[in-house]
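The values are calculated or read from the model by the stated rules, or taken from the named source; none is laboratory data. It should be emphasised that the depicted structure is a prediction, and the values quoted were computed from it without experimental measurement. Heads up, the Cβs are rebuilt from the backbone with ideal geometry, glycines too, and the neighbour counts pull from every protein chain shown. Protein only, heavy atoms only, side chains kept; ligands, DNA and RNA dropped before computing areas. Shrake-Rupley method; radii C 1.70, N 1.55, O 1.52, S 1.80 Å.
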Amino acid sequence: VQLQASGGGLVQAGDSLRLSCVVSGGTGNSYTIGWLRQTPGKEREFVAALWRTTATTYYADSVKGRFTISRDKAKNTVYLQMNSLKPEDTGVYYCAGGRLILSSLRVPDYYSDWGQGTLVTVSS
């Protein structure tokens, strides 16, 4: 499976940005796709995920209500709509995937496939 993320950029606090992740290769019904990020001085962390084929969404508390993960099956693309961005959202955002169990959804190490990352910078 290959994942290619794009859409990062420099924005001001309060602005919106949409990231895209094109997924290619056979994922099957048990594949979960998520967005994770690495912010300055911190470990890589979970942001949001679409759980397997049910597409149930999960979010980190820090982004809940501001970010929305969605997918367009026809385009094999997963999106992360980010609204009301804050300076602390600055970081490299990765789309990642894997055949995870639910309890591992929020743990970056359990994602087996990673895209190249896209940089999001939010100025105050």
Apportionment of accessible area to carbon and sulfur, the stretch 1-103, percent (1.4 Å): 46 percent
Ordering K42, K73, K86 by how much accessible area each has at a 1.4 Å probe, largest first, what is the list? K73, K42, K86
With all protein chains present, calculate the accessible area of R106 using a 1.4 Å probe and round the result to the nearest 10 Å². 120 Å²
So between K73 and T54, what do we pick up on full extension, going 0.36 nm a residue minus the alpha carbon distance? 5.6 nm
GNM flexibility winner over the chain from L102, L50, L80 (Cα, springs under 10 Å): L102
Kindly report the accessible area of the stretch 1-118 per residue (heavy atoms of protein chains, probe 1.4 Å, no ligands, DNA or RNA), in Å². 50 Å²
Per residue of the stretch 63-68, what does 6.51 cos²θ - 1.76 cosθ + 1.60 with θ = phi - 60° give for ³J(HN,Hα)? Whole Hz please, x for Gly and Pro, Karplus curve as stated. 10, 4, x, 10, 10, 9
Please report the net charge: other residues with Cβ closer than 13 Å to the Cβ of T77, K and R +1, D and E -1. +3
Taking only C-alpha pairs under 8 Å that are 6+ residues apart, what is the relative contact order of the stretch 12-124 in percent? 33 percent
L100 accessible area, 1.4 Å probe, all protein chains in place, Å² to nearest 10: 0 Å²
